[in-house]
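*Asks:* Handing you this structure, nothing more for now.
Just so it is clear, none of the values below were taken in a lab; they were calculated from the coordinates. Just so you know, these numbers come straight off a predicted model, no measurement behind them. Ideal geometry is used to build each Cβ from the backbone, glycine not excepted, and the neighbour counts take in all protein chains shown.
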Ligand code: CA
């Protein structure tokens with residue numbers, strides 16, 4: 001779209017917004033829903049019991065309650081599977097190439113751009129952001145914000161409160177819930193609110209709360225069938241990555257080093273759990289595949305311990321809404337900034353267009369509007385969050401937002417013209433995990449992927465119906481020639497519609513070292 005057209009669209013959007021604002025004031029604040037957007041970091045759908053992973057990794061009763069009382073999204077995708085870019089997409093309703101936040105390495109969020117919290121704030125909502133921000137610049141559009149600097153740490157994290165640095169004693173997930181509830185208690189009860197409660201957990205290095213150490217009784221976890229993936233039948237990128245349990249897992253990941261920020265008293269409890277287990281490891285260090293297995297089990301204990309903390313924090317917020325009789329007209333979201341590999345392909349981390357990383361959990365409850373226990377299998381995205389919340393609040397979304405409101409789906413409708421293809425684009429390279437930049441089109445069944453940087457470029461085609469674990473590239477299989485042509489056309493059309501530039505700006509790949 002040309003710049004002039006974009007300006008016109010923006011002006012029309014603002015005018016429509018102002019019109020709606022004047023019109024909606026007659027409705028009164030009480031009819032507009034409250035919004036609680038709970039966002040976690042790197043929470044895989046495999047680690048929410050409501051998603052029914054066959055490994056049955058963990059019980060998450062509070063998250064399951066959201067699924068039971070609202071809608072579970074089974075194919076909620078992210079347009080760029082890493083932390084900062086996904087957060088920028090949620091706020092702006094735009095892809096990375098439009099909001100300017102491509103990677104975690106050298107980007108700084110332009111807080112001057114339009115975001116859905118700003119529009120809510122301007123229309124009379126009180127707004128707060130508590131927890132992980134990770135967009136470098138200071139938050140804009142919030143009456144109150146209390147964020148972790150950068151990635152944040154798990155124990156006794158420093159935080160920044162409306163610009164002022166503070167330090168707190170405690171475990172990060174508990175503190176984020178504490179401050180969220182404090183803000184909710186102290187809010188102006190005559191106006192609707194937006195709370196964005198954003199957890200650091202279960203991000204690497206996966207340090208659980210002390211009360212969750214040993215939560216699994218030293219269970220040996222069922223392994224994913226691809227734990228020992230040999231990366232055959234695919235291009236070079238899957239072999240070149242640096243995110244495997246075998247080669248990349250660090251001493252901090254393994255808890256051979258104590259986590260940053262932990263104090264002496266906490267360290268005693270921490271050591272009481274890890275020390276005997278680490279000594280047993282040292283006495284007979286596992287080798288080869290057994291080492292991968294040992295790491296997988298340590299990883300699962302720690303990661304799932306973090307998830308238990310998040311689940312409890314969600315439960316506390318839901319309890320508050322019940323106690324204040326706010327549940328009926330509060331739109332509660334739970335989502336993660338992307339999915340995560342829990343040993344599939346031998347990996348942790350994210351970044352890929354492959355399912356475990358592309359798909360994020362999303363649970364939405366709004367008893368006033370959303371049928372309980374419903375499930376959506378449509379291609380939806382965190383890209384749709386901004387427009388959904390704006391529509392729910394009766395605010396016209398700016399025309400240049402690139403997602404689509406999920407409200408019809410949430411009400412149980414099946415819009416005939418819903419998207420049949422989803423555009424994905426990952427940039428950050430080579431650090432930190434050496435995943436080659438790629439873009440592609442995702443449909444119900446297929447993924448067409450172009451690895452376009454970091455080596456000779458090539459295409460791949462995945463068929464999830466025949467190959468659900470994405471272990472085989474069908475791109476050069478003549479039986480797929482027609483499918484390939486159709487996907488290629490659809491991909492080109494999506495790139496044109498979304499205004500993806502032909503040449504990627506070099507800074508999009510991150511800092512050069
Ligand atoms: Ca993340």
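*Asks:* Mind ordering 205-216, 259-270 by average Cβ neighbours within 10 Å, highest first?
*Replies:* Packing proxy ranking, top to bottom: 205-216, 259-270.
*Asks:* Per-residue counts of other Cβ atoms within 10 Å, averaged by peptide: what ranking do you get for 430-443, 35-48, 271-284, highest first?
*Replies:* 35-48, 430-443, 271-284
*Asks:* Counting helices only, and only those DSSP H runs with n ≥ 4, report the 222 nm mean residue ellipticity of the chain as the sum of -39,500 (n - 2.57) divided by its residues, in deg cm²/dmol to the nearest 500.
*Replies:* Counting only the DSSP helices, I get -10000 deg cm²/dmol.
*Asks:* Which order results if 76, 83, 107 are arranged by neighbouring Cβ count within 10 Å, fewest first?
*Replies:* 83, 107, 76
*Asks:* Now for a separate question. Would you mind ranking 503, 166 by Cβ crowding within 10 Å, fewest neighbours first?
*Replies:* Ascending Cβ contact count within 10 Å gives the list 503, 166.
*Asks:* Please work out the Cα center distance from region 147-168 to region 272-302, rounded to the nearest Å.
*Replies:* Value for the Cα centre distance between the two parts: 31 Å.
*Asks:* Arrange 331, 181 by Cβ neighbour counts within 10 Å, fewest through most, would you?
*Replies:* Placing the least packed residue first, the sequence is 181, 331.
*Asks:* Per residue, how big is the convex hull around the C-alpha atoms of region 141-188? Give it to me in cubic angstrom, could you?
*Replies:* Convex hull volume per residue, Cα atoms: 80 Å³.
*Asks:* Using the Kirkwood formula on the Cα atoms of region 319-409, what hydrodynamic radius do you get, in angstrom to one decimal?
*Replies:* 15.1
*Asks:* How many percent of DSSP beta bridges within the chain run antiparallel, rounded to 5?
*Replies:* For the chain, the DSSP antiparallel bridge percentage is about 55.
*Asks:* Assuming a ≥ b ≥ c are the square roots of the Cα gyration tensor eigenvalues, decide whether region 28-156 counts as rounded (a/c under 1.5), prolate (otherwise, with a/b larger than b/c) or oblate.
*Replies:* oblate
*Asks:* Something else now. For region 38-58 and region 311-349, what is the centre-to-centre distance using only Cα atoms, to the nearest Å?
*Replies:* 10
*Asks:* Here is a further query. Give me D for the chain in µm² s⁻¹, whole number, from Stokes-Einstein with Rh from the Kirkwood sum over alpha-carbon pairs, 20 °C and 1.002 mPa s.
*Replies:* The Stokes-Einstein estimate is 91 µm²/s.
*Asks:* In Å and on Cα atoms, what radius of gyration and Dmax does region 75-215 show?
*Replies:* Rg then Dmax for region 75-215, in Å: 15.5, 47.
*Asks:* Highest first, please rank the peptides 219-230, 110-121 by the mean number of other Cβ atoms sitting within 10 Å of their residues.
*Replies:* 110-121, 219-230
*Asks:* Can you check what the Kirkwood hydrodynamic radius comes to for region 223-370, Cα pairs only, in Å to one decimal?
*Replies:* 18.3
*Asks:* Could you tell me the center-to-center distance, by alpha carbons, between region 394-470 and region 67-142 in angstrom?
*Replies:* When both Cα centres are located, 17 Å separates them.
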